[in-house]
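The values are calculated or read from the model by the stated rules, or taken from the named source; none is laboratory data. Computed from a predicted structure; not experimentally measured. Every residue, glycine as well, gets a Cβ built from its backbone with ideal geometry; the counts of neighbours run over all protein chains shown. Surface accessibility is based on the protein's heavy atoms, side chains included, excluding ligands, DNA and RNA. Shrake-Rupley method; radii C 1.70, N 1.55, O 1.52, S 1.80 Å.
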Amino acid sequence: MMERVFWAILAMVHIAPAAALVRPGLITRLYGVAQDAPTFLLLQHRAALFACVFLVCGWAIFDPGVRRLAVVVAAVSMIAFLVLYRLGGSPASLQVIALTDFAALPVLAASAYLAWK
């Protein structure tokens, strides 16, 4: 039961950036990038990748066989962002995202442990 809760939490962490794929206005609200900016398209593509992370974490709720893959996908997403955030000088505009990923790391660690035990 707790495994499913952990995967639901990890899916929820990724739902807002994934939702930007179908609600492009979220890109401006979440990241402060105007729709006419050249980076807007890259952020839409990023939203598509977050949709993949969201879907695999959601799938892991119901299918234990996909949980190891889901750990890898979520870990790459979360840890890569946190490392890049730190190397990029920890911009204040991305602090909420960094704190969310950081707070979810114990859930990811528990999910990884349970996936490989």
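Results, tabulated for the structure shown:
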| quantity | calculated |
| --- | --- |
| Only one of Ala92, Ala115, Ala80 that is of a type in the set (Gly, Ala, Ser) and under 16 Å from Ile9 (Cα atoms) | Ala115 |
| Qualifying residue in the stretch 30-39 (condition: under 19 Å from Val13 (Cα atoms) and open to solvent by 30 Å² or more (accessible area, probe 1.4 Å)) | yes |
| Members of the stretch 1-25 that are over 20 Å from Ile61 (Cα atoms) and in contact (Cβ under 8 Å) with a residue 12 or more places away in the chain | Ala20, Leu21, Pro24 |
| Residue within the stretch 29-38 that is within 12 Å of the chain's Cα centre (by Cα), part of a helix (DSSP H, G or I), closer than 21 Å to Phe102 by Cβ and of a type in the set (Ser, Thr, Tyr) present | no |
| Any hit, the stretch 87-97, residues being of a type outside the set (Phe, Trp, Tyr) and under 24 Å from Arg4 (Cα atoms) | yes |
| Sole exception among (1) under 14 Å from Phe6 (Cα atoms); (2) of a type in the set (Lys, Arg); (3) open to solvent by 80 Å² or more (accessible area, probe 1.4 Å) for Arg67, by number | (3) |
| Unmet criterion (only one of (1) open to solvent by 30 Å² or more (accessible area, probe 1.4 Å); (2) among the hydrophobic types (A, V, I, L, M, F, W, C); (3) over 15 Å from the mean Cα position of the chain (by Cα)) for Leu84 | (3) |
| Sole residue being open to solvent by less than 50 Å² (accessible area, probe 1.4 Å), in contact with a Phe, Trp or Tyr (Cβ under 8 Å, 6 or more places away or on another chain) and of a type in the set (A, V, I, L, M), chosen from Ala104, Ala60 | Ala60 |
